[in-house]
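What follows is a set of notes on a single structure, which appears directly below.
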Amino acid sequence: MTSLSMRGVRGGVGTTSLMAALGYALESLGERVLLIDMSPENLLSLHFNLRDSGKSGWARAMLDDQDWYKQAWGLTPTLHILPYGRLSAQESMSIEQQLIHDPQIWARRQASLAANYDWLLFDLPQRLPGHAAIGPCLLPIQVAEADAACHVLLLQQAGSNPVLVNRYDPGSQLQRDLLLIWRQYYATRLLPLTVHADEAMREALAFKQPVGQYAPESLAAQDALSLATWCLARRREMA
């Protein structure tokens, strides 16, 4: 089993939509996938038409002393999703404190899931270190847009995690210039592919579907499939 996480360099870079697209693409390639929403916004399930799932989710279950894994939804026999649950801000901070107090919670949970899935995909939030303590992670990907804000934040943040450029518009001179700079300065970190800006990605969320299901021939869907193929190749290289 392989764990992958995605976290935006800043908020609003499309991480959750991209995670939904990647999970769908990996499952289409024959992989058993569990998507795990670690964000209090609880938005990942919207991409799979689960808006009306109510309060159910792993964080809600922790607060209510219920079985966290029973909160998972089976979308297909090999694609499942574990929502965060609907919590107040105060309740989410209570979960944050529990996770900080016991940072091995998700390491133990990963071990219990290993026999059932090929991939665990974690959608991580901003500025909640307890929620980001997910245990072993082979591919901790940072998601960025080629804009000035992400450029400054990448300069400020020391690290070696892989960086994926999302919503890339080759018609933008600024984006082309920044991507050229990033390829020079972050050559060992930058993924060898980008996910292009595509209105189909936004439309897919409006239709409550991952982009590969909503518009399989779209550029964004093909980019997500390329990302899934890269993930499979990277897993083989790092095994």
Check: Expressed as a fraction of 2.2 N^0.38 Å, the rule-of-thumb size for a compact globular protein of N residues, what is the C-alpha radius of gyration of region 192-239?
Finding: 1.28
Checklist line | Cα principal axis extents for the chain, largest first, Å | finding: 52, 37, 36
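Translational diffusion coefficient of region 33-146 at 10 °C, 1.306 mPa s, Stokes-Einstein with Kirkwood Rh over Cα pairs, in µm²/s as a whole number.
110
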Margin query: Using each residue's phi in region 5-19, evaluate 6.51 cos²θ - 1.76 cosθ + 1.60 at θ = phi - 60° and report the 3J(HN,Hα) Karplus result to the nearest Hz, with x for Gly and Pro.
Written below: 10, 10, 9, x, 4, 9, x, x, 9, x, 5, 5, 4, 5, 5
Note to self: Between residue 68 and residue 157, what is the label-point separation in nm under the 7 Å Cα-to-beta-carbon projection?
What the structure shows: 2.3
Item checked: Charge dipole magnitude, Cβ of K and R +1, D and E -1 - region 96-239, Cα centre, debye nearest 20 -> 440
Margin query: If you fit an axis through the alpha-carbon atoms of helix 89-101 and take the longest principal axis of the Cα set of the chain, what angle between them do you get, 0 to 90°, nearest 10?
Written below: 90
Margin query: Please list, by residue number, every one of the GluC sites (Glu not before Pro) in region 145-239 that is coil in DSSP and has at most 14 other beta-carbon atoms within 10 Å.
Written below: 217
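Quick one: Cα convex hull volume of region 1-95, Å³ per residue?
Convex hull volume per residue, Cα atoms: 111 Å³.
Take every Cα pair under 8 Å in region 103-160 that's 6+ residues apart, average their separations, divide by the length, and report that relative contact order as a whole percent.
41
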Notebook entry, point to check: So what is the relative contact order of the chain, in percent, for Cα pairs below 8 Å that sit 6 or more residues apart?
Noted result: 27
Note to self: About the Cα centre, and with charges only on the beta carbon of Lys, Arg (+1) and Asp, Glu (-1), how big is the dipole of region 171-239? Nearest 20 debye, please.
What the structure shows: 360
Checklist line | Karplus-derived HN-Hα couplings along region 176-191 (A = 6.51, B = -1.76, C = 1.60, θ = phi - 60°), whole Hz, x at Gly and Pro | finding: 4, 5, 5, 5, 4, 5, 5, 5, 7, 8, 10, 4, 7, 9, 6, 5
Next item on the list: Taking only the C-alpha atoms, wrap a convex hull around region 98-141 and report its volume per residue in Å³ as a whole number.
Entry: 72
Item checked: For 169, 64, order by how many other beta-carbon atoms lie within 10 Å, fewest first -> 64, 169
Next item on the list: Of the DSSP beta bridges with both residues in region 1-156, give the percent that are antiparallel, rounding to the nearest 5.
Entry: 15
Checklist line | Relative contact order %, region 1-96, counting alpha carbon pairs below 8 Å whose residues are six or more apart | finding: 29
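Is the C-alpha gyration tensor of region 61-116 telling us rounded, prolate or oblate? Criteria: a/c under 1.5 is rounded; beyond that, a/b larger than b/c is prolate, otherwise oblate.
Oblate is the answer for region 61-116, as a/c is 1.5 or above yet b/c matches or exceeds a/b.
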Notebook entry, point to check: Taking the simple approach of a point 7 Å from Cα along Cα-to-Cβ for both residue 236 and residue 91, what is their distance in nm?
Noted result: 4.5
Check: If we count other beta carbons within 10 Å of each Cβ, what is the order of 15, 194, fewest first?
Finding: 194, 15
Note to self: Can you sort 60, 108, 10 from fewest to most other Cβ atoms within 10 Å of each residue's own Cβ?
What the structure shows: 108, 10, 60
Next item on the list: Could you pull the Cα extents of region 120-239 along its three principal axes, largest to smallest, in whole Å?
Entry: 37, 36, 31
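Only the coordinates and a few stated rules stand behind these numbers; no lab work does. What you are looking at is a predicted structure, and each value in this text was computed from that prediction instead of being measured. Counting neighbours? That spans all protein chains shown, and the Cβs are built from the backbone with ideal geometry, glycine included.
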